[in-house]
Each structure stands twice: as structure tokens, then as C-alpha cells.
Amino acid sequence: MSTNPDHNLLPDDLSAFWMPTTPNRKFKSDPRIMVKARGMYYTDSAGSELLDAAAGLWCVNAGHYRPHINEAIAAQLEEIDFAHSFNAGHPGAFRFASRLVKHFPDTLNHVFFTNSGSESVDTALKMAIAWHKARGDGSRQRLIGRQRAYHGMGFGGISVGGLVKNRSQFGPLLPGSDHIRHTHDVERNRFSRGLPAHGAERADDLESLVELHGAETIAAVIVEPVTGAGGVIMPPEGYLQRLRDLCDKYGILLIFDEVITGFGRLGACSAAERFGVVPDIMTTAKGITNATIPLGAVFVTAQIYDTFMDPEAAPGIELNHGFTYSGHPVACAAGLATLDIYEQEGLFTRAAGLQDLWCDAALALQGEAFVDDIRCFALIGAIDLEPGSTPGERGDHVGRYCYEHGVWVRNMGDTIALSPPLVITEDEIQRVFDTIRDGIRTLPAGG
Ligand SMILES: Cc1ncc(COP(=O)(O)O)c(C=O)c1O
């Protein structure tokens with residue numbers, strides 16, 4: 001680690017900013033402040049260079065500091081800084097939508113813009129209920145999520161989400177939401193290379209909920225094709241297709257939350273493409289602008305869009321939903337330039353080409369002390385450590401070791417989660433796993 005003591009850019013006062021999803025008191029007593037980012041690397045306020053093994057938060061897919069995006073943002077600001085999209089418009093949003101849909105499965109050919117993954121999720125859930133209502137099927141209001149799911153922090157997202165800590169402070173949440181089981185089955189799938197072989201039958205949980213509630217009450221089921229914040233869990237072989245088939249059987253809309261899997265993370269533009277299973281609605285955000293400007297997008301099928309646009313339907317606003325910044329010109333300019341980079345550098349497929357090397361490097365940690373499971377697919381990885389005397393303590397130790405040795409991984413409890421920018425080199429992949437292995441080897445023996 002290169003530490004430059006003259007490079008201390010730590011702000012004087014950390015108290016006013018109430019930091020999100022952060023133990024504020026702990027963080028502020030031992031802060032990590034990033035001051036610069038280039039390519040695969042951050043520099044922190046102490047001058048240490050850190051290999052970014054998480055692409056920020058699964059979002060800087062093309063690597064940090066892309067002048068082409070920066071220039072597009074600056075040029076857009078010269079042209080028109082802001083125009084809203086409420087019964088008005090500007091060219092960028094239309095251009096971006098038309099270009100975006102070309103990269104997603106053919107049937108998902110209409111886009112609604114939001115500002116974040118959470119807004120995309122709440123938008124998708126509202127669309128699902130409103131769509132059934134528009135078709136005269138207004139009893140379908142129930143929303144089904146999955147245990148261990150993360151769908152952002154809106155009330156809709158936490159209602160279908162399955163992370164207890166994100167739900168328990170906030171009351172009863174949306175009435176009628178329910179959950180199917182998660183797909184993590186470590187006993188049968190431990191150390192899987194790629195998709196785990198076991199667990200497709202857990203999709204049948206949806207059928208149990210149909211029996212319990214009645215299909216005629218269920219609007220949609222939402223899943224992350226790959227569970228992210230809930231522990232980095234790959235879908236079992238055949239699971240997503242089974243869910244698709246059940247949704248078709250019972251007239252339930254299938255929503256894929258592709259906020260982390262969209263834009264190349266899985267070796268194709270979307271998980272839908274990589275896994276060959278197409279949802280009715282797809283939520284995205286994050287990599288859509290390479291994280292430079294907040295933006296989200298919800299893709300829907302022509303079938304859904306056309307129902308709302310039916311000339312026989314009531315005149316006026318078809319969906320009373322939207323945000324001041326839906327289709328913000330600067331965000332759309334950033335998105336268009338980001339697409340240029342993804343296209344020119346072949347980044348949507350790069351993770352597929354690196355998958356073997358990535359999984360070799362990840363699974364080489366099998367057999368290290370305390371390593372309970374390793375999961376890998378495309379450029380996603382997770383290493384589970386057996387919990388020590390306090391849950392999260394070992395993950396924390398390894399995360400800290402890596403940081404101090406110049407690699408920034410994301411430790412979620414005792415899971416080390418990896419999702420580097422798609423531009424990572426083979427040497428950098430090796431460095432990430434070597435550093436994690438060295439960190440594991442410094443774990444104290446015993447509890
Ligand atoms: C699957 C998924 N959905 C939704 C979100 C929420 O996105 P945002 O933080 O942009 O609101 C996230 C964030 O990590 C996510 O992983």
C-alpha cells in the first residue's frame with residue numbers, strides 16, 4: 001500500500017452528514033474517505049491506492065473516470081441543463097430510450113426512466129398492479145418477493161425485500177406482500193462452479209402461495225436473477241425458467257430486478273439474455289450511466305405498454321407516476337456515452353470470457369481455513385467464512401486486511417463479495433484473490 005502522509009484530505013467535520021446504510025458512530029471514529037478514482041483504482045484521503053473489487057457498489061462497470069462520459073456530461077450542460085418530461089421533453093431521453101432497448105430482449109421495448117434502483121423497483125411494482133387494473137383484473141394487488149432479496153429502500157422495495165434489518169424498523173409495510181424461499185442451499189451446492197445444480201424446485205413455492213392466496217390476488221413476483229446484498233446467491237440451474245413457467249400458468253407478471261445484473265455484470269447486457277429467461281418487467285439503474293449520474297430505467301413489454309396506450313382506454317395520463325428527474329438530460333447524456341463505451345469495448349460480453357479464469361482464481365481458495373463456501377459466475381464472486389465468536393468478525397478482519405493491502409472488497413457479514421469493474425485485467429483478478437487468501441491466513445485460530 002502506498003501511503004502519502006501529505007495527502008490528508010479528510011474533511012474537518014464529519015458530523016453533519018447522516019450517512020446511509022452505515023454505522024455512523026463507528027465509521028466517523030475510523031473513516032474511509034475516497035478522494036480520487038481512475039480506472040480500476042480509488043485513492044483514499046490518506047493517499048492509499050485501492051484496487052476496486054466491487055465496482056463501487058456494483059455500478060462502475062466500465063471502470064472509473066471515463067473522459068468520454070465526462071465530456072458528454074459537460075457538453076449536455078452547455079446545451080440544456082434541465083428540462084422535465086412531464087408533458088414536455090428533450091431529445092436525449094427519447095434517443096437514449098431507443099438505443100437502450102436495442103440491447104435488451106426484443107419484447108422489452110419500452111422504457112420508463114427513474115433516478116435509482118429503488119425508484120425503478122417501486123415503479124415496476126406500481127406498474128404491475130396498475131396493469132392488471134387496466135385490464136379489468138383489479139383484484140390482483142398482491143406482490144411476491146423472496147427471502148434474502150434486496151430491492152432497494154422504498155416502501156415497495158422493502159415490502160418485497162427479504163432482508164430483516166431493512167424491514168424491521170419500518171412498521172407493517174405494504175399489505176398483502178408475501179415471500180417465496182431464497183435459493184441458498186449450501187449443503188447441496190457448496191463450492192459450485194457457475195450456477196448451482198440444486199434448487200430449481202424452490203420456484204414451486206410460488207405455487208404454494210397461489211394455493212394460499214389465490215392466483216387472482218397476485219399481481220407480480222419480483223426476483224433478483226442473482227441475489228446481491230442478500231449474500232451473492234446464483235440462481236440454481238433451471239430455477240428462473242421454472243418461475244417464468246409458473247407466472248405464465250397463473251397470469252402473474254414476472255419482474256427481474258436487474259439493478260446489479262444489468263449492463264454486463266453477467267457476460268451479457270442482462271441476466272435475462274444470459275439465462276435465456278425474459279421477464280415482463282425489468283428494473284435497472286447503476287451501470288446504466290457507469291454510476292456517474294443517478295439514473296434508473298424500467299423496461300416493459302409492448303403488451304404492458306399497449307394496454308395502457310389503448311385508444312379505447314380513458315383519455316389523459318395513462319400512468320400517474322413519475323419523477324421530476326425522470327429522463328434528466330444530463331443523466332441521459334451520460335447514459336448515451338456509457339453505451340458508446342460498452343459497445344466499443346465489448347464490455348457486455350467481457351465477463352463471460354473471463355468467467356473460467358475468475359472461477360479458477362476464486363475456487364483456488366477452497367481448502368483455506370475457515371472458508372465454508374465459494375460462489376462464482378461471470379465477474380461475480382462470494383467467499384463465505386465460517387462465523388467466528390461474533391458474526392461478521394472474520395469477514396471484517398479479512399475486509400480490513402485487504403483494504404490495508406490495497407484491495408477494496410465488500411464484506412457483508414462473513415461473506416466477502418466481489419463484483420469488480422468489467423475492465424479488470426487477469427493480473428488484477430489474481431491480485432484480488434491472492435490478497436483475500438493472505439488475509440484469511442492472518443485470521444486467528446479458534447473462535
Ligand atoms: C437488486 C437491487 N435492487 C435495487 C437496488 C437499489 O438501488 P439504489 O440504491 O440505486 O436505489 C439495489 C442496490 O444495490 C440492488 O442491488
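A few notes on this one:
- For HIS179, the residues 5 or more places off, or on other chains, whose built amide H falls under 5 Å of its own are GLY145.
- Dipole of the chain, positive end: most advanced residue of TYR65, PHE377, GLY392 [Cβ charges, Cα centre]: GLY392
- Total lysine pairs under 21 Å (Cα atoms) in the chain, excluding pairs fewer than 8 apart on one chain: 6
- Partnerless Cys - the chain, beta-carbon criterion under 4.7 Å: CYS59, CYS247, CYS269, CYS332, CYS402
- Accessible area (Å², per residue) of the chain, counting only protein heavy atoms and a probe of 1.4 Å: 43 Å²
- Helix 426-441 and the longest principal axis of the Cα set of the chain meet at an angle near 70°.
- Under 5 Å, built H, 5+ apart or other chain: amide partners of ASP372: ASP384, LEU385, GLU386
- When the Cα atoms of the stretch 297-447 are aligned to their principal axes, the ranges along those axes come out at 70, 38, 27 Å in descending order.
- For the stretch 278-328, the spread of Cα positions along each principal axis, largest first, Å: 41, 30, 10
- Order of exposure, largest accessible area first, which applies to THR22, THR227 with probe 1.4 Å: THR22, THR227
- If you take the Cα centroid of the stretch 145-177 and the Cα centroid of the stretch 327-347, the two points sit 31 Å apart.
- Rolling a 1.4 angstrom probe over the chain with all protein chains present gives an accessible area of which 52% lies on carbon and sulfur atoms.
- Pairs of C-alpha atoms in the stretch 212-264 farther apart than 13 Å represent 63 percent of all such pairs.
- Stokes-Einstein diffusion for the stretch 3-63 at 25 °C, viscosity 0.890 mPa s, with a Kirkwood radius from C-alpha pairs, works out to 191 µm²/s.
- Calculation over all alpha carbon pairs of the stretch 243-342 in 10 angstrom steps from 0 returns a P(r) of 14, 36, 34, 15, 1 percent.
- Our helix-only sum for the chain, with -39,500 (n - 2.57) per DSSP H run of n ≥ 4 divided by its residues, gives a mean residue ellipticity at 222 nm of -10500 deg cm²/dmol.
- Here the Kirkwood formula, the inverse mean of 1/r across different C-alpha pairs, assigns the stretch 375-447 a hydrodynamic radius of 12.4 Å.
- Take the Cα of ASP30, go 7 Å toward its beta carbon, and the backbone nitrogen atoms of the stretch 371-401 under 17 Å from that spot belong to 388-401.
- Taking 10 °C and 1.306 mPa s as conditions, the chain diffuses translationally at an estimated 70 µm²/s according to Stokes-Einstein applied to its Kirkwood radius (Cα pairs).
- Counted by Cβ distance under 9 Å from VAL186, the other residues give a net charge of -3, where Lys and Arg count +1 and Asp and Glu count -1.
- For the chain, the longest principal axis of the C-alpha atoms and the axis of helix 347-363 are separated by about 40°.
- Taking every alpha-carbon pair within the stretch 50-115, the share separated by more than 20 Å comes to 51 percent.
- The chain: angle of helix 67-79 to the longest principal axis, Cα-based, in degrees nearest 10: 50 degrees
- Derived from the Cα gyration tensor, the three semi-axes of the equivalent ellipsoid of the stretch 77-141 are 27, 15, 12 Å, largest first.
The values are calculated or read from the model by the stated rules, or taken from the named source; none is laboratory data. Every value quoted in this text rests on a predicted model; they were computed, and no experiment measured them. Cβ: placed from backbone, ideal geometry, glycine included. Neighbour counts: every protein chain shown. What goes into the accessible areas is simple: the full protein's heavy atoms, side chains included, and nothing from ligands, DNA or RNA. Shrake-Rupley method; radii C 1.70, N 1.55, O 1.52, S 1.80 Å.
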